[in-house]
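Asker: One structure follows; several queries about it will come next.
What follows is calculated from the coordinates using simple rules that are stated; it is not laboratory data. Quantities reported herein were computed from a predicted structural model and do not represent experimental measurements. Ideal geometry is used to build each Cβ from the backbone, glycine not excepted, and the neighbour counts take in all protein chains shown.
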Amino acid sequence: MSYTGTKQQAIETLRGHDSDTGSTEVQIGVITSRIVHLTEHLQEHRHDHHSRRGLLSLVGKRGSLLRYLRNKNPERYKEVIRILELRG
């Protein structure tokens with residue numbers, strides 16, 4: 001995973017209009033930025049199991065949102081995957 005943007009950068013990159021902060025695409029971007037942050041945290045604090053559980057919860061939530069987006073709008077799904085550099 002090489003997307004290292006902040007929450008605000010994710011919102012600005014993926015929003016559909018100026019006040020868009022809750023669309024599926026934006027939610028996926030915000031969750032991705034949190035996943036990146038937690039992954040970095042866990043590399044330093046290997047025994048922080050509470051944060052690890054939170055990370056797994058976020059990964060599952062992002063997967064659900066990605067499946068929803070893939071079913072509703074495949075073109076936008078591919079664009080989000082490209083922008084966030086997901087799926088290897």
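Asker: Go through region 29-85 and give me each residue that's touching a Leu at 6+ places or on another chain (Cβ under 8 Å) and not in a helix (DSSP H, G or I).
Answerer: The answer is 48, and nothing else.
Asker: Right, next: Taking residue 17 as meeting all but one of (1) assigned to a loop (DSSP other than H, G, I, E, B); (2) over 21 Å from residue 82 (Cβ atoms), write down the number of the exception.
Answerer: Just one mismatch for residue 17, condition (2).
Asker: With respect to the numbered conditions (1) touching a residue at least 12 places away in the same chain (Cβ under 8 Å); (2) surrounded by 15 or more Cβ atoms within 10 Å (Cβ to Cβ), which one is the sole condition not fulfilled by residue 6?
Answerer: (2)
Asker: Please give the number of the condition residue 44 fails out of (1) within 21 Å of residue 5 (Cβ to Cβ); (2) under 11 Å from the mean Cα position of the chain (by Cα); (3) without any contact (Cβ under 8 Å) to a residue 12 or more places away in the chain.
Answerer: Result: residue 44 fails condition (2) only.
Asker: Kindly list, by first and then second residue, each pair from a residue in region 69-88 that is under 18 Å from residue 59 (Cα atoms) to a residue that is of a type outside the set (Gly, Ala, Ser) and loosely packed, with under 10 Cβ neighbours inside 10 Å, limited to pairs with Cβ atoms under 9 Å and residues at least 6 apart or on different chains.
Answerer: Final answer for the pair search is 77/71; 81/87.
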